[in-house]
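Working notes for the structure below.
The values are calculated or read from the model by the stated rules, or taken from the named source; none is laboratory data. Everything numeric in this text was worked out from a predicted model, so none of it was measured. Ideal geometry is used to build each Cβ from the backbone, glycine not excepted, and the neighbour counts take in all protein chains shown.
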Ligand SMILES: [Mn+2]
């Protein structure tokens, strides 16, 4: 997908306002979040998300959600007070005219077209390439790059199989909840393995960046926020998004392609953590 910022919009009188300080689409940053793990039992994170959507996210030319947005999504037919609030927040955001792109993680792979219609988000396949001011970024949830955990990859191919997903949706919701416990255990087992196993495989990640002609990889999943190079000798940059645990966080890429990881706290306290 190509994002074109250079397109200028013709504003007709009387709506034309002469002001040099009005930010244009060209100056607005891209904003990325992932691993919020939103769920009804963490209301403070839901509040932080709604606050973020009304403040920081508003500055974006586009918002990218790179998976594990929900701690678990039981299907687009599972509506409750919690899911309705999230849907309403996303709808409000996209109605304001900012595109919001959504990529699945291993916790919310059941998010589907009905959810997209309700919220106005656009679903993206994993991985995906975006071009921003002549720089190509490979974006992914990241779990497909964790090839050293063979057991997890086997489990992943089961739940990403569309036939299995259809079967899952035919089940009553209480059985889906029981199966979710199993999925949760698999995910925890993956997270608790040695770092070299549950991290992305750097060599494979470099190969993927070459394949898609990308200079930078942006991913979530590992919950270890960092901006570094995939290998000392490789010019390819890797950015891992922060998980929303004690606090939230996001990545911002400005019009000069400068990258900044920022933390988010309730009551609007925000600090830059890394460049
Ligand atoms: Mn994940």
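Some points to look at:
- Boolean, residue 72 is within 16 Å of the ligand (Cβ to nearest atom), outside any loop (DSSP other than H, G, I, E, B) and either surrounded by 20 or more Cβ atoms within 10 Å (Cβ to Cβ) or more than 13 Å from the chain's Cα centre (by Cα) (or both): no
- Taking the conditions (1) away from the ligand (no atom under 16 Å from the Cβ); (2) in contact (Cβ under 8 Å) with a residue 12 or more places away in the chain; (3) at positive phi in turn, residue 142 satisfies each one other than (1).
- A count restricted to segment 53-69 and to residues that are away from the ligand (no atom under 16 Å from the Cβ) and either crowded, with 24+ Cβ neighbours inside 10 Å or more than 18 Å from residue 261 (Cβ to Cβ) (or both) stands at 5.
- Checked against (1) surrounded by 13 or more Cβ atoms within 10 Å (Cβ to Cβ); (2) closer than 21 Å to residue 66 by Cα, residue 171 meets all criteria but (2).
- Residues of segment 109-139 classified as touching a residue at least 24 places away in the same chain (Cβ under 8 Å), away from the ligand (no atom under 16 Å from the Cβ) and either in contact with a helix residue (DSSP H, G or I) (Cβ under 7 Å, 6 or more places away or on another chain) or closer than 25 Å to residue 179 by Cβ (or both), total: 9
- The lone criterion from (1) in a helix (DSSP H, G or I); (2) touching a helix residue (DSSP H, G or I) at 6+ places or on another chain (Cβ under 7 Å) left unmet by residue 200 is number (1).
- Among the criteria (1) within 23 Å of residue 190 (Cβ to Cβ); (2) more than 15 Å from the chain's Cα centre (by Cα); (3) not in a helix (DSSP H, G or I), the one residue 131 does not fulfil is (1).
- Test: residue in segment 177-186 that is surrounded by 13 or more Cβ atoms within 10 Å (Cβ to Cβ) and at pLDDT 85 or above: no
- Under the condition of being surrounded by 14 or more Cβ atoms within 10 Å (Cβ to Cβ) and over 29 Å from residue 252 (Cα atoms), the residues counted in segment 127-155 number 5.
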